Amino acid sequence: MSATLKPEEKKLKVVGTRPIRPDGVPKVTGLARYGADYSLPGMLWGKILRSPHPHARIRSIDTSKAQALPGVKAVMTSADLPEHKFEYVGPERVAVNFWHMTRNIMAREKVLYEGHAVAAVAAISRSIADEALRLIEVDYEVLPHVIDVEEAMRPDAPLLFEDMITRGIEPAPDKPSNVSKRIEFKIGDPEAAFAAADEIVETSFKTAPVHQGYLEPQACLARFDPDGQAEVWASSQGHFVIRALTARLLGMDIGNLRVYPAEIGGGFGGKNVPYVEPVALALSRKSGHPVKIVMTREEVFKACGPAPGSSMTVKIGVRKDGKIVVAEGVFKFQAGAVPGSPVMNACMCAFAPYDIPNVRSVGYDVVCNRPKTAAYRAPGTPVSAYAVESVVDMAAARIGMDPLQFRLKNIARPGTPTVWGPKHTHEGFTETIQALMKHPGYSAPLRKNQGRGVASGYWFNNGGESSAAVHVNEDGTVLVATGSADLSGTRASLAMMAAETLGIDYDKVRPIVADTASIGYGHLAAGSRTTFATGIAVVEACKKVIGNLRARAAMIWEVNAEDVIWEDGCARPAGGNKGRFEPLSLKAIAAKRSVTGGPIVAEVSVNAGGVAPGFATEFCDVEVDPETGQVKVLRFVAAQDVGRAIHPSYVEGQIQGGAAQGIGWALNEEYIYDTAGRLTNAGFLDYRVPVASDLPRIETVLVEVPNPNHPFGVKGVGEANIVPSLAAVSNAVSNAIGRRMTELPMSPPKVLHAIDSGRAG
Amino acid sequence: MSEMRYEAPRTLAAAIALLSGANGQASALAGGTDLLIRMRAGSVEPALLVDIKGIPEMTSIVAENGGYRFGAAVPCMELVEHEAFSTAWPGVIDGVKLIGSIQVKGRATVGGNLCNASPAADSVPPLIAAGAVVGIVGPNGRRESPVENVVTGPGKTSLAKGEIVTSFLLPRRPPHSGDAYFRFTPRTEMDIAVVGAGVNLTLDDGGVCRQARVCLGAVAERALLVPEAAAALIGTRVDAAALKRLAAAASAACRPIDDKRGTKEFRIKVAGVMARRAAEMALTRARRKN
């Protein structure tokens, strides 16, 4: 299929409107079925035993007493999963190592964080399963642990992997360390450019790990039949990926595993990978019964990847006229117990918004005794953007320029090189900045204890593999099936694009998410790719259907198919036959299905290229209580280039969601460990995501600079919005209190301490 | 597997007989908003649950000698929605309103909030500041106790085996009285107090403070009645200087810990701020015509 589709010229009837989403009523009436809502006859409950220690060698596991408990049908450990070769496979940015992955699903030699799975049971009730877990005896040799990234990098730090040699350093170090990998990107000559810069600003920053905070805990139901056929019902961001990884982890053929997509109660990247599915399926294989596992919230916090914490230093050099001439960033990321933090994204996107001729980005992927990090909304990028946009803010102040003007002066445009090689090719960055400059709130006066902060952010977005099938039913209704999990209203946006393309009403289109045996491969609903890539598949499938419908009309009229056009949902005679016949609607042709050739179906699979990146600029007003350090966000305005908003309400929702998560990340969210390396706030009471009353109305500005590579101009919209949010809030707080904040979260004790230090100074 | 027994007696006598006669751990169940969570987390496994919500004297709000007596199992929302009580004791209601969400308050009770014995309980400092007295019934009969004598430390009370708190008595208020409770939380709601301060004061006709009680929450092992802080107000017009002395006395009385909710340094400092803000609100309320 072509990667360069021309945008439709004609006026759109459905795209850009705001119809009700097809999954809305079941969700608000409680009828939607999420991961925990599936059951089968004879089903058992699976429960997972987790390590109480952040770091320990497993000397032995004795499961005999648990096995003997009446009602227990299976007990499993890592011995029930096959070993894997130690190798990193796949593209570097998202490389996977199954040796590590199977150990993260179920610990082998060592436990590497509190909450690390050690064994699991399947029993006829949840309480028996709980009782059985207490009967499993694990003999641990407790080892020293390390939580903080800087401490983990010290030469004398406890090692998670005694033979881990840092990748990406030539020559390779001769001693093992917790640094899994070093990466570096460079353009130009940073040293020379710093020497020539008029002003240099350099500051170090720290951020805490944060959880995605999805409402639905991981949950699944699995059955493994005696003939080797297996089925899994799971809530995930990609049931095809869950299928592939689960099959691999169990040592079975992909063809023997069918995965059904449950409704998903939030993912934000955290549900790109399996946690409970391989365990439930292994227990089912062992017990011969279907097995259901539903995580508790505590398990979600302790065992399912947060976004990484970091320690960073950013330095930029500017000319007096406001031109950024050089930038350098060192980004040290906590990978958690398994290598693979998104530090590479952080390095790549950090300076991507700007046209800077000399740049160096250095990243370190560092293991420590915390749960393995997982993707979270533009993985890695909000963290590096926080440091970069803070320093950009300081540089603007240093040379006395308005922070938006300063960004505009330095903004990347088509032709600007990126630090990783290719040049930028899309417009849309400039427009988000200009949108905020024109916003009346940007020049509104501030009162005492109030501050305003701005920030910009870049995110790649993604395309890739998607499949869609379009079925025309005999009454003229249309089914649109895709393999893309719906996290955010994508069934609505895909149905809208189908309705627009076919020329029929939105409510005649029923979109579904099909299981892995019912549609071609669809990659994760991640990377802001679904409306873009799956949208292309849907539109292409609709075009195939239109070709089919035109051929049938030609057959009915006994004319050539080329003399039939498709317009406003009808086949019309054209060319020499123009006006000779009454138009035939989709419904009319569908009614003649069986006499014009049988079922009307098209399925299209794509590997969509032509991705346009996401770009957002935001400003935020805050008020700080000078006596308590509490920050109230008064106003938040987010401008994002969305290409074209298919369903503007859901695009606005994405932007508001990204900003809300960014505000939480900036102000209060953090993993708090005690000195024994145990997480003390594994619940929503003390892991403080903002509640509704903590947030202002988040105003959105949809900047629409269409992507020429998508039939309707779509650019992914799910992630770019969170990239600037942390820095926008931090810049606002720093502005309000007159002191630069350099650590997230900016919880009240930290802000109060900063204010008091200022008073003392 | 341990079996759990559930009983819902209709009289206090039956409840006391069950609780005092139990083998193993017995728990009184009111709203269950703390107990059920602790049971689910596996931190308590009671052998007997005695549901006290079916006992009339524990679920009523009545006027008594110009004051109010409300049952320990009255849901918080019933208190919040009781207009006369809310008007008489707005500071107590400040605290009650902060116990969880509206849905949680539909179940949660002030008796449970007290007997759960968390140092951060939001209804406790304003009740202590109000001079409230609890009625206690046990195998040896009835007794009364000031609220401040019930909790002895985190999760610990002075109640004997088989004893339960049945009611709260709030005395008749002199004219020109006002009370208030302020707490600090990082979030605007759905949070646990990092510091709480309840202030109750009475002015004379000339606007001079004649009585005051100040109680701090979440800054020690239990809610602290701070007479030194009250003394800073008594005999003054609750002016800026008096408020400053109040804040200093409140901060000086704190003996907090560092934990996931706040640091010692922060709690000590903010205790003074909350006490001052609560006193200012109590003063405003006392000056209202009533």
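The values are calculated or read from the model by the stated rules, or taken from the named source; none is laboratory data. Since this is a predicted model, take the numbers as computed values, not measurements. Cβ sites come from the backbone with ideal geometry, for glycine too, and all protein chains shown count toward neighbours.
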(request) Considering only segment B:248-290, state which residues are within 14 Å of another protein chain (Cβ to nearest Cβ) and β-branched (Val, Ile, Thr). (result) B:257, B:263, B:268, B:270, B:273
(request) Output the residues belonging to segment B:153-212 that are over 30 Å from residue B:257 (Cα atoms) and acidic (Asp, Glu). (result) B:163, B:204, B:205
(message) Of the conditions (1) crowded, with 21+ Cβ neighbours inside 10 Å; (2) part of a helix (DSSP H, G or I), residue A:587 satisfies every one except a single condition; which number is it?
(response) (1)
(request) Taking the residues in segment A:442-465 that are under 26 Å from residue A:641 (Cβ atoms) and among the charged types (D, E, K, R) as candidates, determine which candidate is surrounded by the fewest Cβ atoms within 10 Å (Cβ to Cβ). (result) A:465
(message) Just to be sure before I move on: is residue B:16 surrounded by fewer than 19 Cβ atoms within 10 Å (Cβ to Cβ) and either at pLDDT 95 or above or in a helix (DSSP H, G or I) (or both) in the structure I sent?
(response) no
(request) Could you check segment B:40-157 for helices (runs of 4 or more DSSP H) lying wholly inside it with 3 or more residues that are within 14 Å of another protein chain (Cβ to nearest Cβ)? (result) B:102-105
(request) May I ask you to list pairs of residues, at least six apart or on different chains, whose Cβ atoms are under 6 Å apart, with the first in segment A:79-105 being touching a residue at least 12 places away in the same chain (Cβ under 8 Å) and the second being of a type in the set (Ser, Thr, Tyr)? (result) A:81/A:102; A:84/A:102; A:95/A:88; A:97/A:88
(request) Filter segment A:626-647 down to residues that are within 14 Å of another protein chain (Cβ to nearest Cβ) and either in a loop (DSSP other than H, G, I, E, B) or within 23 Å of the chain's Cα centre (by Cα) (or both), then give me how many there are. (result) 5
(message) Could you go through segment B:223-244 and let me know if any residue there is without any contact (Cβ under 8 Å) to a residue 60 or more places away in the chain, within 14 Å of chain A (Cβ to nearest Cβ) and in a helix (DSSP H, G or I).
(response) yes
(message) Among the listed residues A:623, A:669, identify the single one that is under 19 Å from the mean Cα position of the chain (by Cα), outside any helix (DSSP H, G or I), modelled with pLDDT of 95 or more and within 14 Å of another protein chain (Cβ to nearest Cβ).
(response) A:669
(message) Taking the criterion of being crowded, with 16+ Cβ neighbours inside 10 Å and among the basic types (Lys, Arg), would at least one residue in segment B:221-231 satisfy it?
(response) yes
(request) Please work out which one of (1) assigned to a helix (DSSP H, G or I); (2) touching a residue at least 60 places away in the same chain (Cβ under 8 Å); (3) over 30 Å from residue A:304 (Cα atoms); (4) not aromatic (Phe, Trp, Tyr) is the condition residue A:430 fails and give its number. (result) (2)
(request) Give, as residue ranges, the strands (runs of 3 or more DSSP E) completely inside segment A:49-129 that count at least 1 residues that are within 14 Å of chain B (Cβ to nearest Cβ), in contact with a Ser or Thr (Cβ under 8 Å, 6 or more places away or on another chain) and surrounded by fewer than 22 Cβ atoms within 10 Å (Cβ to Cβ). (result) none
(request) Scan segment B:181-213 for residues that are assigned to a strand (DSSP E or B) and within 14 Å of chain A (Cβ to nearest Cβ) and jot them down. (result) B:182, B:183, B:184, B:195, B:196, B:197
(request) Those residues that are of a type in the set (Lys, Arg) and not in a loop (DSSP other than H, G, I, E, B), I need them from segment A:130-181; list them, please. (result) A:134, A:167, A:181
(request) Determine whether residue B:165 is of a type in the set (A, V, I, L, M) and within 12 Å of chain A (Cβ to nearest Cβ). (result) no
(message) Looking at segment A:675-690, I want the residues that are more than 10 Å from chain B (Cβ to nearest Cβ) and have a partner that is aliphatic (A, V, I, L, M) with Cβ atoms under 7 Å, at least 6 apart or on another chain. Which pairs are those?
(response) A:677/A:147
(message) Every residue in segment A:590-620 that is more than 25 Å from residue A:721 (Cα to Cα) and either within 14 Å of chain B (Cβ to nearest Cβ) or part of a loop (DSSP other than H, G, I, E, B) (or both), please.
(response) A:592, A:596, A:597, A:598, A:599
(request) Within segment A:735-751, track down each residue that is away from chain B (no Cβ under 14 Å) and among the hydrophobic types (A, V, I, L, M, F, W, C). (result) A:736, A:737, A:741
(message) Suppose we keep only residues that are within 12 Å of chain B (Cβ to nearest Cβ) and out of contact with any Asp or Glu (no Cβ under 7 Å at 6 or more places or on another chain) within segment A:691-707. Which one would you say is modelled with the lowest pLDDT?
(response) A:692
